[in-house]
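Here is the structure we will look at, set down as structure tokens.
FYI, it's all coordinate maths here, none of it is from the lab. Small disclaimer: the values here were computed from a predicted structure and weren't measured. Virtual Cβ from ideal backbone geometry, glycine too; neighbours counted across all protein chains shown.
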Number of protein chains: 2
Amino acid sequence: MTHQAVVRRVTLSRDRVLRAAVALADKVGIDSLSMRRLSQDLGVVPMALYKHVANKEELLDGMVDVVVGEIDPPVRDTDWQSAVRLRILSARRALLRHPWACAVIQTRTTPTPAVLEYLNSTIGMFRAGGFSIDLTHHVMHAMGSRLWGFSQELFTDSSGGSSDNSADGPPGPDPEMQAVMLREMANRYPYIAEVTAAVAHDEESIVGSGCDDQFEFEFAVDLQLDGFERLRQQGWTSASRS
Amino acid sequence: MTHQAVVRRVTLSRDRVLRAAVALADKVGIDSLSMRRLSQDLGVVPMALYKHVANKEELLDGMVDVVVGEIDPPVRDTDWQSAVRLRILSARRALLRHPWACAVIQTRTTPTPAVLEYLNSTIGMFRAGGFSIDLTHHVMHAMGSRLWGFSQELFTDSSGGSSDNSADGPPGPDPEMQAVMLREMANRYPYIAEVTAAVAHDEESIVGSGCDDQFEFEFAVDLQLDGFERLRQQGWTSASRS
DNA sequence: GCGAAACGTATACGATGTACACCTATCGTG
DNA sequence: CACGATAGGTGTACATCGTATACGTTTCGC
């Protein structure tokens, strides 16, 4: 039945399309991921993709599913706090492997089954840890994007903005000028300057990224988990609104 | 000097463009905001806009600035906790007025001066409240998107996904079928079902939005603020990493 | 009153998502 | 074994988008 096997091109499949899309986004960034470019990567005409995904939205949904699929399943036989912690850190690792995924997840409107599965099992970890349904509900909300392995970093970029955008194009930004702007910025935003100065020991970036992202993330997660544990021990209930 | 005043069309300005863009996005949604559509709203040819904003990115930056400008300045003469709380709730109100703003903020790469101003004064509130620079730094990270008045809601939409997307188009989704799917979903995602059941007392939505968003938001903010206060009182330092 | 800037216009290009019609290989069934 | 259905790939075409470039036209300081 494979008498044409040598000549026959490998056929597409939803799975192959999705994996290729993830790989391509990893390589060239999410903004450069177009249906056309993807089809080209697969050696196929653009419209061929539409036999496997309804449209680009569904493609993105599928890509998220691939990433979510990389998150480790819950570990068993531990306290809820370590279990949740491990899970979230695993989610974070998955998202660090696919830097575009945060942005894409944030644009999704309808959760896919894989996402529901992830949420469901995460909720289950709180429930198994003795959280009431009520508290679990609010706790899930409170975790927010941390559940996805990121915390909506405020900046990823360095190079703070000058007040007016006088044209400094491709030519390297005059270093002396830059020093002046930095000083001016320190005047205008003294508190920011204070923090960044404290952070920039052996770093050169102006703002952000001069700190250990992983540490920041774990700091936030642990602080929240501690808060949750305190509420649980107190038998907190949403009826007791302050 | 205004002898032609009656005939002369109102001239554009960066400010008018920005405000029109905000209004348009409020009305038709951010996805339908194109340079062409905006120019049409302003009774002008598309390219006219480019005399006031360099490109669409800068337009979006400007729109964020407008929204940020609506956030109340810090209140004085209170404890840091209420002050920060009020500020963040004010930010939240601004973002609820412009539902597109969360999404846009998350896509910005470079902070504008207005944004820096906002961050700076918020940092200042922690500093004035007795937080060390070090702790302030981590606390800002931990607040994450909450600083912006939102917590990355997991769903805004109802209508959970079925496993396979059999074609149900515009015609109303068969109510009996829907009930079956709901039951099936409760099987597959028991924990989600549990939480949503507890929440859906007098609501009909399948998942999410059956709860008081404002309450959830304040719950998360207050929990974090309490955690911060505890760290502050303990004289926490990032040197003491667990 | 004149030259220069600031502002609006006209036209055009390349890229994108995707509707629609068409071809073709594969396979279950008579 | 033939054949028609069906799944999968192709080709063409269109609307829409952001924006480069070149051109008019108002406005204002000197």
Q: Under 7 Å between Cβ atoms, at least 6 apart or on separate chains: pull out the pairs that start in the range B:16-33 with a residue that is within 20 Å of A:THR109 (Cβ to Cβ) and end on any residue that is within 11 Å of DNA strand D (Cβ to nearest atom).
A: B:ALA25/B:LEU33; B:LEU33/B:ALA21
(Q) Can you pull out every residue in the range B:95-130 that is surrounded by fewer than 21 Cβ atoms within 10 Å (Cβ to Cβ), closer than 21 Å to A:VAL104 by Cα and at the interface with another protein chain (Cβ under 8 Å from one of its Cβ atoms)? (A) B:ALA103, B:GLN106, B:THR107, B:THR109, B:THR110
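Given the structure, is A:VAL67 closer than 20 Å to A:ARG97 by Cβ, more than 16 Å from DNA strand D (Cβ to nearest atom) and without any contact (Cβ under 8 Å) to a residue 12 or more places away in the chain? Write out each step before concluding.
On the way: closer than 20 Å to A:ARG97 by Cβ: yes; more than 16 Å from DNA strand D (Cβ to nearest atom): yes; without any contact (Cβ under 8 Å) to a residue 12 or more places away in the chain: no.
Criteria not met by A:VAL67.
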(Q) If a residue counts only when it is closer than 26 Å to A:GLY149 by Cα, which helices (runs of 4 or more DSSP H) contained entirely in the range A:3-78 have at least 2 such residues? (A) A:14-28, A:56-68
**Q.** Contacts under 8 angstrom Cβ, first residue in the range B:34-57 being within 14 Å of another protein chain (Cβ to nearest Cβ), partner among the charged types (D, E, K, R) and more than 8 Å from DNA strand C (Cβ to nearest atom), 6 or more apart
**A.** B:HIS52/B:ARG14; B:VAL53/B:ARG14
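Any idea how many residues of the range A:24-62 are small (Gly, Ala, Ser), more than 11 Å from DNA strand C (Cβ to nearest atom) and exposed (fewer than 15 other Cβ atoms within 10 Å of the Cβ)? Walk me through how you get there before you give the answer.
Here is the first cut: in the range A:24-62, the residues small (Gly, Ala, Ser) are A:25, A:29, A:32, A:34, A:39, A:43, A:48, A:54, A:62.
Checking which are more than 11 Å from DNA strand C (Cβ to nearest atom) leaves us with A:25, A:29, A:43, A:62.
Filter once more, keeping what is exposed (fewer than 15 other Cβ atoms within 10 Å of the Cβ): A:29, A:43.
Selection size over the range A:24-62: 2.
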Q) Quick check: anything in the range A:81-94 surrounded by 15 or more Cβ atoms within 10 Å (Cβ to Cβ) and either of a type in the set (Phe, Trp, Tyr) or in a loop (DSSP other than H, G, I, E, B) (or both)? A) no
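Looking only at the range B:71-87, decide whether some residue is within 16 Å of DNA strand D (Cβ to nearest atom) and within 14 Å of another protein chain (Cβ to nearest Cβ).
Within the range B:71-87, the subset within 16 Å of DNA strand D (Cβ to nearest atom) is none.
No - not one qualifying residue is present in the range B:71-87.
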Q.
What's the number of the only condition in (1) more than 13 Å from DNA strand D (Cβ to nearest atom); (2) within 14 Å of another protein chain (Cβ to nearest Cβ); (3) not small (Gly, Ala, Ser) that A:ARG14 fails to meet?
A. (1)
